[in-house]
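The values are calculated or read from the model by the stated rules, or taken from the named source; none is laboratory data. For clarity, every value in this text was computed on a predicted model and none was experimentally measured. Note: ideal-geometry Cβ built from the backbone for every residue, glycine included; neighbour counts use all protein chains shown. The area values use the complete protein model at the heavy-atom level, side chains included, leaving out ligands, DNA and RNA. Shrake-Rupley method; radii C 1.70, N 1.55, O 1.52, S 1.80 Å.
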Amino acid sequence: MNDEAHPHLLEVHGLTKFFPVKRGVIPVSVGQVHAVDNVSFTLKRGETLGLVGESGCGKSTVGKTLLRLIRPTEGSVIFEGRDIVRMNRRELRALRRDVQIIFQDPFESLNSRHTVRKILSEPFIIHKRGLNAERKQTEKLARKEDAKQQKKLSPKAEREKKVYELLNRVGLDESAANRYPHEFSGGQRQRIGIARAIALKPKLIVCDEAVSALDVSVQSQIVNLLLDLQKEMDLALIFIAHDLAVVKHVSDKIAVMYLGNIVETSTSENIYLAPRHPYTQALISAIPIADPTRRPDRIILKGDVPSPIQPPEGCRFHTRCRYAQPRCSEEAPPLEQASARGNVACFFWNNLKLPQTQTQDVVST
Amino acid sequence: MSLLEVQNLSVSFDTDEATVEVLDNVVFQLAKGETLGVVGESGCGKSVTSLAIMGLLPKPAGRVTGGQIIFGGDNLLSYRPEQMRSIRGRKISMIFQEPMTALNPVQRVGRQLMESLQLHRPETSKDEQLKISVELLDRVGIPEPRQRLTEYPHQLSGGMRQRVMIAMALIHVPDILIADEPTTALDVTIQAQILELIAELQRENGMAVIFITHDLAVIAEIADRVVVMYAGRVAEEATALELFAQPLHPYTQGLLDSIPSLVGIPKTQLKTIRGMVPSFANMPSGCRFRNRCERAQQLCATEVPKYFDAKDARSVACHFWQDSVEQVQ
């Protein structure tokens, strides 16, 4: 399991998740929600992949299948050479030491009846890492360095120490340990959620809209904390959000999703400078800019995202695409390489104008 | 002449522990046909301000403790409830962040629209009401309006529900439309649609809009003038162009700096405002921003900064606003 054998920490191939739609008194499956359809990507150690897209595009479902909180219908999720999809319960438990998740609303993911001390002690208890809470290598090191000191501490005292370390690391006061989640503000609660996620020194954290509910001034604090922790712990991050400016700021590379498909991948710089897929272009042109002197040429998309129960045939975006041709409704475009580090799923990406030249009056029907 | 004048408005709320002053001497004007952006973070009082204008403060917990709201030469605060009812929905309409909570989930969209019509235009017949409803939905860009009238709110998407709310607000073209975070729950492409719709309706009808949001980028997009609020007070007011070019209040500066930029370098540290918004129970003395302010001095703790007419018809509540000007120069 060393780095040479697996250059990628995470490899996702053909990930697909259909949710059955059930109706009736005796529920009978009447259809399927195509939440995620044939999604593939890779992630290296210490790297951040941003997943962006609008409500219902399947970005959160992707995030949850990475921890197998949802079991995919098809495809494989290879973490350090092992397929998460085929793991048994014991293997899964071990996996969740390495892969953690932070949710949008920590209030819902933190037990409101537990003190912060209890919440932050639990990872160590569950993974039986009271006394030797560090990973094996650091454990050896620690034993050499201050073996005597380590032995003096009881498992409980050791855990206590860890909790304080965690609280300090995420910028909270030690007195926070005795308080309950409801006593904190949104930003502080998110810090607790982050502290719990990093408790066992994971290698990958899925951030599912982790900063979306926060006020701007707090959001920037939490973004900085995540960037710090990533550097310090060589963490890989999957950053799921609908706010493209934030995603762009934290990510190395970005995948844009629409109705369960990845329509474009690129580096986070290029996706703004040279978006190639018509959906990415529309999405980026829709972002308001905090500068009244700059007015982007806005591409206003008509209508809403179609239902994922009966996604459009062919290219799923063709119903709202201003460049759509007859071919787009018959055949699904594959994700093909468009530049050194970018892929795009559109038959005509090569013939499209870049958004600088776009005007507002062109609207699809 | 201003269409609406909010003069030294103060509002208190009774909580279990104490009475907290959630608005303290809020001042602003709204001119005919203009868009005023009110921006600030959670708990700054921006929504309470709009509820006070509408006469919809939760009772008995909330009450106005001072000031005036002048509209059409009258102080709205002196109006009796039935007088307020003739203002609401006719002269001043409001749309909210989550239309799902403003729409009745067990009534069809058509019935709700026609109920408002019956209330506001009782002279119309059922057939006319149906016709107007279809026209209104069509006007706000809802496809197949006749079909939508027979649907329930949950069958519509978030963007469609917000369009229904806007349609209801347009039964009488109001003088003022108050939009309280109307696009916050929507995706960016849908947000762009709704902002475009509001701007279009405004051009057509010449109504004034008070647009309340936490999103400075949206403000930059639609507002003519901006009021920045912090902890129940107005921090500063300026035209959108001036505010974004040269914010005078350190809070506004901090807010603008905290936004990740689309053209910035990825994975660099963002600027932040240290600490967090104080709770109303524990407001610092003097300037309420001083605990988070890098410019704070002794004076800030002892004296509430007056709301200065700083320069070029701009106002700011900071003892040391002039430092901002020097900073730039």
Original post:
Looking at (1) more than 13 Å from chain A (Cβ to nearest Cβ); (2) over 22 Å from the mean Cα position of the chain (by Cα); (3) in a loop (DSSP other than H, G, I, E, B); (4) surrounded by 16 or more Cβ atoms within 10 Å (Cβ to Cβ), can you tell me which one residue B:306 breaks?
Top reply: (4)
**OP:** Scan region B:219-228 for residues that are over 19 Å from residue B:277 (Cβ atoms) and either open to solvent by 30 Å² or more (accessible area, probe 1.4 Å) or away from chain A (no Cβ under 11 Å) (or both) and report the count.
**Re:** 4
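Can you tell me which residues in region B:259-277 are among the hydrophobic types (A, V, I, L, M, F, W, C) and over 28 Å from the mean Cα position of the chain (by Cα)?
Across region B:259-277, the qualifying residues are B:263, B:265.
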**OP:** Tally the residues that are farther than 12 Å from residue A:258 by Cα, within 26 Å of the chain's Cα centre (by Cα) and within 14 Å of another protein chain (Cβ to nearest Cβ), restricting the search to region A:305-328.
**Re:** 1
**OP:** Take residue B:135 and decide whether it is charged (D, E, K, R) and farther than 17 Å from residue B:98 by Cα.
**Re:** yes
**OP:** Could you tell me whether any residue of region B:229-244 is within 13 Å of another protein chain (Cβ to nearest Cβ) and basic (Lys, Arg)?
**Re:** no
Subject >> Counted residues, region A:293-314 - those being surrounded by fewer than 16 Cβ atoms within 10 Å (Cβ to Cβ), of a type in the set (Val, Ile, Thr) and under 25 Å from residue A:17 (Cβ atoms) >> reply: 1
Original post:
In region A:261-272, what residues are facing chain B (nearest Cβ under 9 Å) and either of a type in the set (Asp, Glu) or open to solvent by 10 Å² or more (accessible area, probe 1.4 Å) (or both)?
Top reply: A:267, A:269, A:272
Original post:
Tell me, which residue of region A:171-197 that is away from chain B (no Cβ under 14 Å) and surrounded by 20 or more Cβ atoms within 10 Å (Cβ to Cβ) is farthest from residue A:10 (Cα to Cα)?
Top reply: A:181
Subject >> Residues located in region A:315-328, provided they are assigned to a loop (DSSP other than H, G, I, E, B) and surrounded by fewer than 16 Cβ atoms within 10 Å (Cβ to Cβ) >> reply: A:325
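Out of all the residues in region B:45-60, which are touching an Asp or Glu at 6+ places or on another chain (Cβ under 9 Å) and closer than 17 Å to residue B:234 by Cβ?
Within region B:45-60, B:45, B:46, B:47, B:50, B:51 qualify.
For region B:127-145, does any single residue satisfy the condition of being on the phi > 0 side of the Ramachandran plot and open to solvent by 70 Å² or more (accessible area, probe 1.4 Å)?
Checking region B:127-145: at least one residue is on the phi > 0 side of the Ramachandran plot and open to solvent by 70 Å² or more (accessible area, probe 1.4 Å).
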**OP:** Output the number of residues of region B:172-184 satisfying the condition of being open to solvent by 10 Å² or more (accessible area, probe 1.4 Å) and under 16 Å from residue B:206 (Cα atoms).
**Re:** 3
Original post:
Which of (1) within 12 Å of chain A (Cβ to nearest Cβ); (2) under 23 Å from residue B:310 (Cα atoms); (3) open to solvent by 20 Å² or more (accessible area, probe 1.4 Å) is the odd one out, the single condition residue B:290 does not satisfy?
Top reply: (1)
Original post:
Condition test on residue B:326, is it outside any loop (DSSP other than H, G, I, E, B) and open to solvent by less than 60 Å² (accessible area, probe 1.4 Å)?
Top reply: no
**OP:** Test each condition in (1) in contact with a helix residue (DSSP H, G or I) (Cβ under 7 Å, 6 or more places away or on another chain); (2) open to solvent by less than 40 Å² (accessible area, probe 1.4 Å) for residue A:276 and report the one that comes out false.
**Re:** (2)
Original post:
Hey, among the residues in region B:185-218 that are open to solvent by less than 30 Å² (accessible area, probe 1.4 Å) and within 30 Å of residue B:285 (Cβ to Cβ), which one's farthest from the other protein chains (Cβ to nearest Cβ)?
Top reply: B:212
Subject >> Which listed residue, of B:264, B:254, is at the interface with chain A (Cβ under 7 Å from one of its Cβ atoms), assigned to a helix (DSSP H, G or I) and surrounded by fewer than 24 Cβ atoms within 10 Å (Cβ to Cβ) >> reply: B:254
Original post:
Which one of the conditions (1) polar (S, T, N, Q); (2) open to solvent by less than 60 Å² (accessible area, probe 1.4 Å); (3) not in a helix (DSSP H, G or I) does residue B:269 fail to meet, given that it meets all the rest?
Top reply: (2)
**OP:** Select from region A:201-225 the residues that are over 25 Å from residue B:228 (Cα atoms), open to solvent by 10 Å² or more (accessible area, probe 1.4 Å) and of a type in the set (A, V, I, L, M) and list them in ascending order.
**Re:** A:225
**OP:** Could you please find all residues in region A:273-300 being at the interface with chain B (Cβ under 7 Å from one of its Cβ atoms) and either within 18 Å of residue A:246 (Cα to Cα) or not in a loop (DSSP other than H, G, I, E, B) (or both)?
**Re:** A:282, A:283, A:286, A:287, A:288, A:289, A:290, A:291
**OP:** Would you be able to say whether some residue in region A:329-352 is open to solvent by less than 40 Å² (accessible area, probe 1.4 Å), more than 14 Å from chain B (Cβ to nearest Cβ), within 25 Å of residue A:246 (Cα to Cα) and in a loop (DSSP other than H, G, I, E, B)?
**Re:** yes
Original post:
Which residue pairs have Cβ atoms closer than 7 Å, lie 6 or more positions apart in sequence or on different chains, and pair a first residue in region A:285-309 that is at positive phi with a second residue that is buried (at least 20 other Cβ atoms within 10 Å of the Cβ) and of a type in the set (Lys, Arg)?
Top reply: A:303/A:320
**OP:** Could you please let me know if residue B:236 is open to solvent by 10 Å² or more (accessible area, probe 1.4 Å) and among the charged types (D, E, K, R)?
**Re:** no
Original post:
Since residue B:278 meets every condition but one in (1) of a type outside the set (Ser, Thr, Tyr); (2) assigned to a loop (DSSP other than H, G, I, E, B); (3) in contact (Cβ under 8 Å) with a residue 12 or more places away in the chain; (4) buried (at least 20 other Cβ atoms within 10 Å of the Cβ), which condition does it not meet?
Top reply: (4)
Subject >> Subset of region A:211-242 (residues that are within 14 Å of chain B (Cβ to nearest Cβ), aliphatic (A, V, I, L, M) and not in a strand (DSSP E or B)) >> reply: A:211, A:213, A:214, A:216, A:218, A:222, A:223, A:225, A:226, A:227, A:229, A:235
Original post:
Limited to region B:146-156, what total is found for residues that are open to solvent by less than 40 Å² (accessible area, probe 1.4 Å) and either more than 27 Å from the chain's Cα centre (by Cα) or farther than 23 Å from residue B:88 by Cβ (or both)?
Top reply: 3
